[in-house]
Amino acid sequence: MSVLTFSRIRRPEIGSVALCAIAAAYLLLATNNTFWTHADRYFGTSKTSLLFFGAALYLALFSILIPMSVKYLMKPALIFFILVSASASYFADAFGVIVDRDMIGSAVVTTPAESSHLLTGSLAQHLVVYGLVPALIVAWVKVRHRRFLQKFVVNFLFVTAALFAAGGLVYSNFATYAYVLREHTDLMKRFNPTGPIIAAARYGLSTYRERNLVVQPLGTDAHQGGRIAQSGKPVVVIVVAGETARAMNFSLNGYGRETNPELKALGAVNYSKTTSCGTATAVSLPCMFSVYPRADYSDWKARSTENLVNVLTHAGVSVTWWDNNTGSKGIADLISFANMTKQKNSPLCHKGECLDEIFLGELDRKLSATTRNSVIVLHQLGSHGPSYYLRYPEAYRRFTPDCRTPELMRCTTAEIVNAYDNTILYTDHVLASVAKLLEKHQDRLAGAMIYMSDHGESLGENGIYLHGAPYAIAPEEQTRIPFIAWFSKSYQAVMGVDTGCLAKESDQPRSHDNLFHTVLGMMDVETKVYNRALDAFASCTRPDAGKAAPGYHAVDSQSIVNPVSGLL
């Protein structure tokens, strides 16, 4: 019996135009489930308009593929589009995310340890079914190509006809399409493969633009004021940059579960109405430490201007950044930086990630040896998903059953929330431990702690998980964040902070805009770029202790919109 080998199987033949037509239909229908779900909701009862819109999209996609249907280019291009669409559709379908420029930026700077939580069996299965198999079919089939001149004419006619037909369909109900796309700017960002490709191109262009970026100095006039000069002991402020903690799961904000027992016992000041600058670390973290408020913030401005840690350094403050996350995003490039995940043989670390208690032993030792006014930044791993169950030790696994896999779709909503709440309970312990260390050393130090998360998290509300949604359409779960402060008695006495007054003002709206100026105020740094109106604690500083030293220049809240406009 003869053996039929693969090489003897006759390859099917197909014309280049026909293959483009099939590929366009596949991309439109097989890899855009989330897009169509949202489109159906946005169009409401206008089903005919939605049908015509889909036909116009098909014709537009077909007209994009046709010019690429030349020998040696066609198959690589189609395979590329299929693989991009398959990858993006998994994250869109599984987590409800949009692969936009910020999401691309976050993916670029992520660590192998962090990205490994997304490399699951479900992802592999999805990529095989929706990416690899159709890509292999495209590679296998034999494509018939016309002669060059004939192909040019035929392709031109098809593209022209497709574009005219698409234009006619859009024109037939232009008012509806204009309204939907204007009111729901996220829709086309969800469309595969154009959405992710445009996002990647935008990220690449912005990165190229920044290749020769020159960082402009900020706050070079900064100096330490009268209060801190007369303190008699080093003043230490610990800034804890949280990760993926949303305010609504903090019992200090009224959450039904007790997730903040230790901070509550310490009498920490909690600001219940605080919002973030962004919905992803790559955006929010630089914005938190930037002089620019969110309304005037851009990645370009942040990268081209010095930030909070630099202004503190200009004032003679010792500044240190300890990172248990994916880096400082350029913030700490000019100061002392330590990556906590590089520690070897620590029981708190596993596969390149460490529990946040990794900070505590080192912090205790540092506080024992501190002799200068200092700011220490602790960048947490916090509640970063989707592997919430890896963010807390067994002792803090209080809420069960908890989701024990990064494949959130395999868990119930209750299990996901339980795991997430355990991360908040553990963060409560870490923050309280930082406060207790400052309290331990208060005979020789005046210490305070300020905590803000970089952004929140979606836990399945409206089918959305994780974070990174475009800010304009981001749900409250991703933008409402915790903001907590604690002050040792020695700090209160030296710096004149009235915690009772702060508690009374804790329901006032706050945001990431406040961090820059609040920390400067906490360290009594006097500079022209300090904005007292954005210092969250300024109004609760005793007048006698808060009296400005000669040369101090406070500015009103409007003048900070572009504090370095003359430099850029």
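The values are calculated or read from the model by the stated rules, or taken from the named source; none is laboratory data. Everything numeric in this text was worked out from a predicted model, so none of it was measured. Using ideal geometry, Cβ is built from the backbone for each residue, glycine included, and neighbour counts are taken over all protein chains shown.
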- prompt: Within the bounds of region 144-157, is there any residue that is surrounded by 15 or more Cβ atoms within 10 Å (Cβ to Cβ), polar (S, T, N, Q), at pLDDT below 95 and in a helix (DSSP H, G or I)?
  reply: yes
- prompt: Which condition breaks for Gly382 when tested against (1) on the phi > 0 side of the Ramachandran plot; (2) part of a helix (DSSP H, G or I)?
  reply: (2)
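Among the residues of region 176-221, count how many are among the polar types (S, T, N, Q) and touching a Leu at 6+ places or on another chain (Cβ under 7 Å).
Total satisfying the criteria: 2.
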message: Criterion first (part of a helix (DSSP H, G or I), at pLDDT 90 or above and within 37 Å of the chain's Cα centre (by Cα)) does Ala135 satisfy it?
response: yes
Breaking point among (1) of a type outside the set (S, T, N, Q); (2) at pLDDT below 95; (3) in a loop (DSSP other than H, G, I, E, B), for Glu210: (3)
field: Selection count where residues are modelled with pLDDT under 95 and not in a helix (DSSP H, G or I), scope region 407-431
entry: 1
query: Being modelled with pLDDT under 95, assigned by TED's automatic domain parsing to the domain that holds Asn418, assigned to a helix (DSSP H, G or I) and under 30 Å from Phe91 (Cβ atoms), is that true of even one residue in region 341-350?
result: yes
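When you go through Ala25, Ala30 one by one, which is the residue that is touching a Pro at 6+ places or on another chain (Cβ under 9 Å), surrounded by fewer than 20 Cβ atoms within 10 Å (Cβ to Cβ) and of a type outside the set (Asp, Glu)?
Ala30
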- prompt: What number of residues within region 492-536 are under 18 Å from Ala268 (Cα atoms), surrounded by 19 or more Cβ atoms within 10 Å (Cβ to Cβ) and hydrophobic (A, V, I, L, M, F, W, C)?
  reply: 7
query: Looking at region 252-279, which of its residues are part of a loop (DSSP other than H, G, I, E, B) and charged (D, E, K, R)?
result: Arg257, Glu258
query: Does Leu132 satisfy the condition of being surrounded by 15 or more Cβ atoms within 10 Å (Cβ to Cβ) and under 27 Å from Phe95 (Cβ atoms)?
result: yes
- request: Determine whether region 453-464 contains at least one residue that is in a strand (DSSP E or B), surrounded by 20 or more Cβ atoms within 10 Å (Cβ to Cβ) and over 14 Å from the mean Cα position of the chain (by Cα).
  value: yes
query: Limited to region 481-521, what total is found for residues that are closer than 23 Å to Asn310 by Cα and either aliphatic (A, V, I, L, M) or at pLDDT below 95 (or both)?
result: 5
query: Can you pull out the helices (runs of 4 or more DSSP H) entirely within region 1-88 that have at least 2 residues that are closer than 22 Å to Leu163 by Cβ and either outside the structural domain of Pro196 (by TED's automatic domain parsing) or over 33 Å from the mean Cα position of the chain (by Cα) (or both)?
result: 16-30, 47-65
query: Could you count how many residues in region 351-392 are within 23 Å of Ile424 (Cα to Cα) and free of Cβ contacts under 8 Å to residues at least 12 places away in the same chain?
result: 1
message: Restricting to region 114-129, give me the number of residues that are surrounded by fewer than 17 Cβ atoms within 10 Å (Cβ to Cβ) and at pLDDT below 80.
response: 0
